Amino acid sequence: MPAPGSEIPSMPPTDLAAAIARATVPAPRAARRGPGRAPARALFKPSAPETEFKKRFPLPYQVEAVSIYEAMRKGWKTDRSYWQLLDDFQYASPKWGPIVVPKGFFTDFASVPPQIHSIIDDDSPIILFPSAPHDFLFTKRPSDGTRGWVTKTKQLTLTEVNHVLTEAMSFCGADFLMRNAVFAAVELANQGIRNEFAH
């Protein structure tokens, strides 16, 4: 969740589900068991050695839950959980360099509709760490309302910001198909704000 007054646009479940269907990601085997059987969550395995993961995410991910009362006072939707960073967090992108998410920043982790939690959950290990820098890059800059700022002088396009998410997911265990499905979903869901990013 970006800074107050700079909410990440909601992703309609139908758009996200349609994007995932178009990306042809098969549901996990456990999710295809049939009617009446609860789908099991997918098990993810690291896709990079721990030393590489710590190189990409060098700082601890320390967060504190925001109460529903505080969320209501801030005017945020109460259909999700919000978390506040207790210290700076960083993703060191091989392509775009360090992306520092400052202490005090609010995030809702990944905005994944409940209808597809059998494929990917909003706090799944493959998207949990990548969601904070992605949310941060969606934050509107107060001076002009634009988004995608890695630094005060370096702005990314919406597509580049979404690639930051999937690039970071590649170090967290997300396979090629899952990354492409997530990329298609976030691109589709955010077309209406494309002009707020670099062109």
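Listed values, structure above:
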item: Hull volume in cubic angstrom per residue (convex hull over the Cα atoms of the stretch 109-184); result: 93
item: Residues whose placed amide H lies under 5 Å from that of VAL101, excluding near-sequence neighbours; result: PHE89, GLN90, TYR91
item: Average projection area in nm² (convex hull over Cα atoms of the stretch 67-199, one quarter of hull surface); result: 8.5
item: Under the Karplus curve 6.51 cos²θ - 1.76 cosθ + 1.60, θ = phi - 60°, whole-Hz ³J(HN,Hα) for the stretch 83-97, x wherever Gly or Pro sits; result: 9, 10, 5, 8, 7, 4, 10, 9, 10, 9, 6, x, 9, 10, x
item: Using θ = phi - 60° and Karplus 6.51 cos²θ - 1.76 cosθ + 1.60, couplings along the stretch 44-50 (whole Hz; Gly, Pro as x); result: 10, 10, x, 10, 9, x, 4
item: DSSP-assigned coil residues among trypsin sites (Lys or Arg not before Pro) in the stretch 129-195, each with at most 16 further Cβ atoms within 10 Å; result: LYS152, LYS154
item: Cut-off under 5 Å, modelled amide H: who pairs with TRP149 long-range; result: LEU156
item: For VAL66, residues with placed amide H under 5 Å, excluding near neighbours; result: TYR82, TRP83, GLN84
item: Loop GluC sites (Glu not before Pro), the stretch 42-84 (other Cβ atoms within 10 Å of the site Cβ: 10 or fewer; DSSP); result: none
item: Listed pairs LYS74/LYS95; LYS74/LYS154; LYS103/LYS140; LYS45/LYS152 exceeding 24 Å between Cα atoms; result: LYS74/LYS95; LYS74/LYS154; LYS45/LYS152
item: Relative contact order [Cα under 8 Å, 6+ residues apart], the stretch 83-169, whole percent; result: 25
item: ³J(HN,Hα) computed for each position of the stretch 117-125 - Karplus, 6.51 cos²θ - 1.76 cosθ + 1.60, integer Hz, glycine/proline x; result: 5, 6, 9, 8, 9, 5, 10, 4, x
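All of the numbers you see were taken from the coordinates with simple rules; none came from a lab. What you see is a predicted model, and the numbers here were worked out from it, not measured in a lab. All Cβ positions, glycine included, derive from the backbone under ideal geometry; neighbour counts span all protein chains shown.
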